[in-house]
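Below is one structure, written out as structure tokens, with a few remarks after it.
The values are calculated or read from the model by the stated rules, or taken from the named source; none is laboratory data. Computed from a prediction, not measured in an experiment: that's the story for all the values here. Backbone-built Cβ (ideal geometry, glycine too); neighbour counts: all protein chains shown.
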Amino acid sequence: MQNWTFGTESVVRVGRSTDNDVVLYSAVVSRHHVELRQDGDQWKVVNLGTNGTYIDGKRVDECDAKDGLIIRLASSGPKIQIRLEGEDNENSSVGTTSKRSSKMNANDKSKDTLVNQDT
């Protein structure tokens, strides 16, 4: 599992383009696929991708991000688990296989991604 950590960001962008906070190299992931947006004390998952974002096999455009929520980018793409921890903590993190605080390695073929968000 690889992890990314975020400080005080109110938006975390995920997609194939290198200008995202989390870069996933998968043909089914859009350049700008999904955003995690802070909305007051809560976080939202907002689909931006052409191939959609799925929860339990159902396509969603927007939903509340709950601790442990697993979303899939495209119907057959990588999974992301969202972790919301510690109300007083200002850090957020994202992950798959080895812990890193930057972009995912282009040679990483992992289909599972963990997104940890400490709010």
**Report entry** Filter result (touching a strand residue (DSSP E or B) at 6+ places or on another chain (Cβ under 9 Å) and touching a residue at least 40 places away in the same chain (Cβ under 8 Å)) within the stretch 35-52
**Finding:** Leu36, Gln38, Trp43
**Report entry** Qualifying positions in the stretch 74-91 - modelled with pLDDT of 50 or more, in contact with a Gly (Cβ under 9 Å, 6 or more places away or on another chain) and under 18 Å from Phe6 (Cβ atoms)
**Finding:** Gln81, Ile82, Arg83, Leu84
Requested in this report: State which residue is nearest to Thr50 (Cα to Cα) when the search covers only the stretch 9-18 and only residues that are out of contact with any His (no Cβ under 8 Å at 6 or more places or on another chain) and either of a type in the set (Lys, Arg) or without any contact (Cβ under 8 Å) to a residue 60 or more places away in the chain (or both).
Outcome: Val11
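Is it the case, given these coordinates, that Leu36 is touching a Phe, Trp or Tyr at 6+ places or on another chain (Cβ under 7 Å) and farther than 14 Å from Pro78 by Cβ?
Answer is yes for this residue.
Please enumerate the residues belonging to the stretch 40-56 that are assigned to a strand (DSSP E or B) and of a type in the set (D, E, K, R). Quick ask: steps written out before the conclusion?
The first filter runs over the stretch 40-56 and keeps only residues assigned to a strand (DSSP E or B), leaving 42-47, 53-55.
Passing the criteria: only Lys44.
Scan Arg59, Arg37, Arg31 and give me the residue that is over 16 Å from Gln2 (Cα atoms), part of a loop (DSSP other than H, G, I, E, B), among the basic types (Lys, Arg) and at pLDDT 80 or above.
Details: Arg59 fails: part of a loop (DSSP other than H, G, I, E, B); Arg37 fails: part of a loop (DSSP other than H, G, I, E, B).
Unique residue meeting the criteria: Arg31.
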Query raised in the report: Would it be correct to say that Val115 is at pLDDT below 50, crowded, with 18+ Cβ neighbours inside 10 Å and under 10 Å from the mean Cα position of the chain (by Cα)?
Result: no
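For residues in the stretch 27-59 being among the polar types (S, T, N, Q) and in contact with a Ser or Thr (Cβ under 9 Å, 6 or more places away or on another chain), which is surrounded by the fewest Cβ atoms within 10 Å (Cβ to Cβ)?
Here the residue is Thr50.
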